[in-house]
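To keep things clear, I will list the structure first and then write my remarks on it.
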Amino acid sequence: MKRPIAFLLAMALCAPAMPVFAADTAASPADIDAAAYTYLMEHSSWTLDTDKDKVISESELAEATHVFLELTDVQDITWLKKLKKCYQLNLTGGTFTDFSVLADMPALSFLQMDNIPVTDLAFLDGLNLESCFLENMPQITEEMRAEKTKFPDLTLTAGTDAVLSYYPRGLAEVTLMIADNEIAQFFGTGITTRGNDGRVYGLKAGETTYSVSVGDKVIAEKKITVKEAPAAFDPALQDRQTGEFSMQQSYYYNPDPKTGNSGSAALIDGTLYTFRGSRITAAETGVKQYECVDLRSSGGKYISGDIVLKENGTVLVNGEKMIPEKCKEICKQYAIGESGKLYGLIPLETGFQLSTPVSDAAYFVPDCPGLYVTASGSVRHYSYNSTSAKIFIENTNIGAPTKSAASDQKYYLLDKSGTLYLLDFSKSPFEKSVVAKQVADVYWTDINTLEYKSLDGTVTLLEQVHYIMLGLNMHWGALNLDASSFYLHELQADGIEETAAVISYFIDRKHELRFRFLDDTPGLTHVKAGICSTYDAETKSGLLWFLREDGSIWYYDLQKKEWHDAVQPTAEHVAGDLNGDGVLTAADAVLLCRYLSCDAAALPNWHNADLDKNGILTASDLTLLKRLLMK
């Protein structure tokens, strides 16, 4: 027996090495409460079982970012501390009252509890939550919730706003009131909210407080400090016209050269200006009205267009004349011709088509898009049918209004008999009703209330809003401010946070502008309206554009912290003098050449070069300018 054994041993030692197979390496389930594990596997395996091996392992649990858990059959929750990267936790039901383990979840910022039998909120003290929602838990009073909410002191600069954020959001419903509304105000008289940010505007330098109340009980008072604003930039007013102003986008006159997206355009005193980077261009002159539309065709494609009504009655659609006659008005994609025909632009897959006109239009009802008055003096509603490419007309049986006012999709029309009608286009089909009779007037007030006055002098409130849209700006009645904001997303690529890239500006009752950008709070006097914001890729700076009361256009360079007059005035009219130096030279001819080839910014004194007096700059003007130089 020894020889065979020895032989086998020798053979084994001489044989080539055999592969050694590892033991089964399948992951083990995480060591947590059994009922909790079962629930997670049934309801959240698609997010927790990341390798799809039908097991939630310890490592997968440690990587989980949001967990939803029903606690009814769960016996132990101490394992929640294993959720090291979990920032959202939703817990429902069960009998647990001790949630101190949540303090061991370092990433937790969103907590929602539903029907949890806790009787105090001491466990929240160790947490740094952004949001906390307690649902179906009447044993936790609003006062208990408010006591666990952190309310900050607030500091801001006069003429600007600051966001009042308190945490956790959603925990308590409280009312916030400012003690001295001569120093600071909320946008509105006060705020009742459950965790939403409140915006505070500083009226003048000083200190005041804001109170936090639950019901009639004040539970906290915090300080508001309004700092004195630096002096606003106050350049001398210029002798320019300040006619009508409107602000829209532009697809045809101001497309982005890379993406084709629309840019900003402003109609100021008959000139349509476009804004791109640090460049302002007079795109069209002699303009009466301008509209930018983005309409969806029957095939689902969006067709964009810039519609211009010239002062001579010509309508241009993306630079081309489409309507065969001169027009009196445009409104969105519609125009009323001098003959009384109502034309509509119908979006097709490849552009616009002119609809079959209606022949009884006199004028559009002011502030009420979709309504026109016929030559016989009745109000009709118009819309277009994309299938037939025809305008669809409905008679409202209302006479020509002496006054009209709109609030969103509700139109109020006052006819000659003193009857005030309401046409509600939020309903389909629209609903018509009589609001009152023997009415003398209907109007918006300076405090953003829509009212009507009866013949006996009685004033009745129709609607009240916090603000009214005025072009690009919003008028906040209680504060008597025009306010809006610019968003420069390009700043985020330069390391600026999104909240700072949204720049709110305010124009007060003295027409002084103020805004805040990081630690800068510049101002400008005699401002009529905000225009737009642009980004100069070469200097990596944001530019904010404003219209002053004298008709001049100014911009603020956020990087250089400087104000600039976008278009300098000419002291004396000199034919052909484009650069405003008071004399005609070859430099003016070069500038016009560059402008006509789209390689120059707006001409400071373009009227001086309109030598053929047709309201636009063309090659004909360049020829005439060269002749002047040769004299």
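Structural remarks
- Summed over the range 432-464, residues that are open to solvent by 30 Å² or more (accessible area, probe 1.4 Å), assigned to a strand (DSSP E or B) and either touching a Leu at 6+ places or on another chain (Cβ under 6 Å) or among the β-branched types (V, I, T) (or both) total 11.
- Residue check, A266 at pLDDT below 90, outside any loop (DSSP other than H, G, I, E, B), within 28 Å of S552 (Cα to Cα) and of a type in the set (A, V, I, L, M): no
- In the range 269-284, of all residues being assigned to a loop (DSSP other than H, G, I, E, B) and surrounded by fewer than 18 Cβ atoms within 10 Å (Cβ to Cβ), the one that is nearest to the chain's Cα centre (by Cα) corresponds to G277.
Here's the yes/no breakdown for (1) in contact with a helix residue (DSSP H, G or I) (Cβ under 9 Å, 6 or more places away or on another chain); (2) more than 20 Å from T314 (Cα to Cα); (3) at pLDDT below 95:
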site: G344; (1), (2), (3): no, no, yes
site: G351; (1), (2), (3): no, no, yes
site: S355; (1), (2), (3): no, no, yes
site: S359; (1), (2), (3): no, no, yes
site: A362; (1), (2), (3): no, no, no
site: G370; (1), (2), (3): no, yes, yes
site: V373; (1), (2), (3): no, yes, no
site: Y382; (1), (2), (3): no, yes, yes
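- Index of the failed condition, R380 passing every other in (1) open to solvent by 10 Å² or more (accessible area, probe 1.4 Å); (2) within 26 Å of D415 (Cβ to Cβ); (3) within 28 Å of the chain's Cα centre (by Cα): (3)
- Candidates in the range 220-263 are the residues that are open to solvent by 100 Å² or more (accessible area, probe 1.4 Å) and not in a loop (DSSP other than H, G, I, E, B); of these, the one that is farthest from H526 (Cα to Cα) is E221.
- Test for D53: is it under 41 Å from the mean Cα position of the chain (by Cα), acidic (D, E) and open to solvent by 30 Å² or more (accessible area, probe 1.4 Å): no
- Taking every residue in the range 279-290 that is farther than 15 Å from T618 by Cα and pairing it with any residue that is open to solvent by 20 Å² or more (accessible area, probe 1.4 Å) and among the hydroxyl-bearing types (S, T, Y), at least 6 positions away or on another chain, the pairs with Cβ-Cβ distances below 6 Å are I280/Y273.
- Odd one out for K82 among (1) at pLDDT 95 or above; (2) under 40 Å from the mean Cα position of the chain (by Cα): (2)
- On the stretch given as the range 386-431, residues that are of a type outside the set (G, A, S), open to solvent by 30 Å² or more (accessible area, probe 1.4 Å) and touching a Gly at 6+ places or on another chain (Cβ under 8 Å) total 2.
- Residue within the range 324-342 that is open to solvent by less than 50 Å² (accessible area, probe 1.4 Å), over 25 Å from the mean Cα position of the chain (by Cα) and more than 26 Å from R380 (Cα to Cα) present: no
- Positions within the range 295-306 being more than 28 Å from Y595 (Cα to Cα) and assigned to a strand (DSSP E or B), in sequence order: L295, R296, Y302, I303
- Cβ separations smaller than 7 Å between residues 6+ apart or across chains give the following pairs from the range 98-116 residues that are touching a residue at least 12 places away in the same chain (Cβ under 8 Å) to residues that are part of a helix (DSSP H, G or I) and aromatic (F, W, Y): F99/F123; S100/F123; L102/F123.
- Residue list for the range 159-178, filter: more than 11 Å from V212 (Cβ to Cβ) and assigned to a strand (DSSP E or B): D161, A162, V163, Y167, R169, I178
- Matching residues in the range 117-141 - criterion: being touching a residue at least 24 places away in the same chain (Cβ under 8 Å) and under 33 Å from the mean Cα position of the chain (by Cα): L129, E130, S131, C132, F133, L134
- For A22, the conditions (1) at pLDDT below 50; (2) in contact with a Ser or Thr (Cβ under 7 Å, 6 or more places away or on another chain); (3) of a type outside the set (F, W, Y) all hold with the exception of (2).
- Scan the range 513-534 for residues that are without any contact (Cβ under 8 Å) to a residue 40 or more places away in the chain and open to solvent by less than 10 Å² (accessible area, probe 1.4 Å) and the total you get is 1.
- The residues on offer are C292, C368, and the sole one that is in a loop (DSSP other than H, G, I, E, B) and touching a Ser or Thr at 6+ places or on another chain (Cβ under 8 Å) is C368.
- Lone qualifier among A600, A586, A537 - being surrounded by fewer than 21 Cβ atoms within 10 Å (Cβ to Cβ), modelled with pLDDT under 80 and of a type in the set (G, A, S): A600
Condition check ((1) under 19 Å from K150 (Cα atoms); (2) modelled with pLDDT of 95 or more) across all residues:
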{"site": "E70", "(1), (2)": "no, yes"}
{"site": "D76", "(1), (2)": "no, yes"}
{"site": "N90", "(1), (2)": "no, yes"}
{"site": "F99", "(1), (2)": "no, yes"}
{"site": "A103", "(1), (2)": "yes, yes"}
{"site": "F110", "(1), (2)": "yes, yes"}
{"site": "M113", "(1), (2)": "no, yes"}
{"site": "V118", "(1), (2)": "no, yes"}
{"site": "N128", "(1), (2)": "yes, no"}
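- Test: residue in the range 390-398 that is β-branched (V, I, T) and under 27 Å from E451 (Cα atoms): yes
- If you go through the range 77-94 and pick out every residue that is touching a helix residue (DSSP H, G or I) at 6+ places or on another chain (Cβ under 8 Å) and either under 15 Å from Y37 (Cβ atoms) or open to solvent by 10 Å² or more (accessible area, probe 1.4 Å) (or both), you end up with 9.
- For S404, the test of being in a strand (DSSP E or B) and under 30 Å from L461 (Cβ atoms) is passed.
Residues checked against (1) assigned to a loop (DSSP other than H, G, I, E, B); (2) among the hydrophobic types (A, V, I, L, M, F, W, C):
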{"residue": "G313", "(1), (2)": "yes, no"}
{"residue": "E325", "(1), (2)": "yes, no"}
{"residue": "K328", "(1), (2)": "no, no"}
{"residue": "Y343", "(1), (2)": "no, no"}
{"residue": "Q353", "(1), (2)": "no, no"}
{"residue": "A362", "(1), (2)": "no, yes"}
{"residue": "V373", "(1), (2)": "no, yes"}
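- Residue ranges of strands (runs of 3 or more DSSP E) in the range 63-158 with at least 2 members under 22 Å from T47 (Cα atoms) and aliphatic (A, V, I, L, M): 66-70, 88-92, 110-114
- Positions within the range 384-401 being part of a loop (DSSP other than H, G, I, E, B) and either modelled with pLDDT of 90 or more or closer than 19 Å to Y421 by Cβ (or both), in sequence order: A400
- A residue that is within 24 Å of F133 (Cβ to Cβ) and of a type in the set (S, T, N, Q) cannot be found anywhere in the range 50-62.
The values are calculated or read from the model by the stated rules, or taken from the named source; none is laboratory data. Quick caveat: nothing in here was measured; it's all calculated off a predicted structure. Cβ coordinates were reconstructed from backbone atoms using ideal geometry, including for glycine residues, and neighbour counts include every protein chain displayed. Ligands, DNA and RNA are excluded from the accessible area calculation, which covers all protein heavy atoms including side chains. Shrake-Rupley method; radii C 1.70, N 1.55, O 1.52, S 1.80 Å.
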